[in-house]
Amino acid sequence: MKKTSILVLICASMLSIGCSQYKNKDSSKSNKELVNAILKETKVQQNDDNRYMYFYKDLNNDNKDETIAYLWGPDFGNIKEGTMLIFKENDNKYKLISQTNLVNVPIVISEHKTNGYNDIIVNISGDGIENQYNTILKFKDNKYPLNARTQPNIDIKKIKSKSTISAKITLDGGFELKK
């Protein structure tokens, strides 16, 4: 009985430590600090029609999630192509790692790495693209490529996926890009 009680206490302690580690990793509501960083880095004005959503993924195996923001609206492309920003977060301060334009979801995080960061596969569709396709973004020169359309096409079936970010993008989906 005593061993069981101690075991339960240890498990409860581990569980509470694990939960507290991720208590601020909620992407189900707008993130004011992230919005400020997005507006600063993109230099766009607040606009009722610009939208964003964000996700947490560890892209470089440092046990700290990067923040992947997907943006769409008049300043970032329509609902078929948007902008992906990747931030490193420390104490609620966001530092831009990379910006990639002309992407669409799903965003697939590959198991393969380039220069310590997972490769990212994005969907290309929208303006002038008759047949959508997938392309691979590799981390080079301390960032992912700016223009996804200039990267090589890939067969998604040949990629070993670590995780997939999939979301329905609509004109009123996600969050308004407002302070």
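Read-outs: derived from the displayed coordinates by stated rules, not from any lab. A quick note: this is a predicted structure, and the numbers were derived from the prediction, not measured. Note: ideal-geometry Cβ built from the backbone for every residue, glycine included; neighbour counts use all protein chains shown.
Placing a pseudo-label 7 Å from each Cα along the Cα-to-Cβ vector at residue 153 and residue 178 gives an inter-label distance of 4.2 nm. How high is the relative contact order of the chain, in percent, with contacts defined as C-alpha pairs under 8 Å that are six or more residues apart? Normalised by residue count, the contact order of the chain is 21 percent. On a 0 to 90 degree scale, rounded to 10, what angle separates helix 2-21 from the longest Cα axis of the chain? The two axes meet at around 30 degrees. The C-alpha atoms of the chain define a longest principal axis, and helix 32-42 lies at about 30 degrees to it.
Normalised by 2.2 N^0.38 Å, where N is the number of residues, the alpha-carbon radius of gyration of the chain equals 1.17.
In terms of other Cβ atoms within 10 Å, 125, 98 run from fewest to most in the order 125, 98. Between the residues 52, 136, 30, the greatest Cα displacement towards the positive end of the dipole of segment 30-173, with unit charges on the Cβ of Lys, Arg, Asp and Glu, is found for 136. When each of the peptides 60-69, 26-35 is scored by how many other beta carbons lie within 10 Å of its residues on average, the order from highest to lowest is 60-69, 26-35.
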